[in-house]
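The values are calculated or read from the model by the stated rules, or taken from the named source; none is laboratory data. Remember, it's a predicted structure, so these values are computed and weren't measured experimentally. Cβ coordinates were reconstructed from backbone atoms using ideal geometry, including for glycine residues, and neighbour counts include every protein chain displayed.
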Amino acid sequence: MTREAAVKWCLDRSLIFVDFFNGSIIYVRPNGQIAQTEVQSVTRDDALLREAVSKLGSINQLRQAQEEAGELIAAINQYSRGRIGPSVLAEEIADMEIMIEQARVIVGDAAVDEHKKFKLQRLRAMVEGGVGFDGVQGA
Ligand SMILES: [Mg+2]
């Protein structure tokens with residue numbers, strides 16, 4: 001769910017939107033009480049992703065992924081400096097995830113999952129094995 005969808009969720013229920021992060025919407029009830037609700041996770045819409053890549057083009061969508069990656073890098077930098085809150089960072093993460101999902105359509109889920117499986121195994125070994133992160137060769 002995007003920030004805009006969270007705002008719409010509140011407007012549809014005559015609630016005042018306060019913030020959105022970590023999958024929760026924080027809002028004000030008509031009685032003035034501040035409340036929080038969990039948001040249902042968003043399921044991947046493969047048909048939409050395939051149509052987007054087909055209509056907009058693989059190279060265009062990969063370039064859009066580059067742009068979103070740049071925006072996420074900037075947002076992480078700003079978040080780490082305390083200049084933006086978690087909801088702004090969440091919006092950029094959502095943008096990146098949508099572009100990653102389209103990139104998966106372009107190169108194929110199986111190819112990505114093969115690499116992901118290996119890299120998650122390596123991460124598990126680092127976390128459980130007590131291997132120092134500094135000594136691990138990246139990528
Ligand atoms: Mg963005």
TODO: For region 77-84, state whether one or more residues are assigned by TED's automatic domain parsing to the domain that holds Gly108 and under 30 Å from Ile106 (Cα atoms).
DONE: yes
- [ ] Just give me the residues in region 7-57 being over 21 Å from the mean Cα position of the chain (by Cα) and β-branched (Val, Ile, Thr), in sequence order.
- [x] Ile16, Val28, Ile34
Open item on the list: Just to check your reading of the model, which residue among Ile25, Ile16 is surrounded by 11 or more Cβ atoms within 10 Å (Cβ to Cβ) and more than 30 Å from Ala103 (Cβ to Cβ)?
Closed with: Ile16
TODO: Output the qualifying pairs, or none if there are none: Cβ atoms under 9 angstrom, residues six or more apart or on different chains, first residue in region 61-72 and under 16 Å from Glu91 (Cα atoms), second residue more than 7 Å from the ligand (Cβ to nearest atom) and not in a helix (DSSP H, G or I).
DONE: none
Task: region 38-48 - residue that is under 17 Å from Phe20 (Cα atoms) and either among the acidic types (Asp, Glu) or exposed (fewer than 13 other Cβ atoms within 10 Å of the Cβ) (or both) and, of those, nearest to the ligand (Cβ to nearest atom) - done: Ser41
Open item on the list: Suppose the filter is under 10 Å from the mean Cα position of the chain (by Cα) and either surrounded by 18 or more Cβ atoms within 10 Å (Cβ to Cβ) or touching a residue at least 12 places away in the same chain (Cβ under 8 Å) (or both); does Glu101 pass it?
Closed with: no
TODO: Scan the helices (runs of 4 or more DSSP H) fully inside region 49-139 and keep the ones with 1 or more residues being within 16 Å of the ligand (Cβ to nearest atom) and of a type outside the set (Lys, Arg).
DONE: 58-80, 86-107
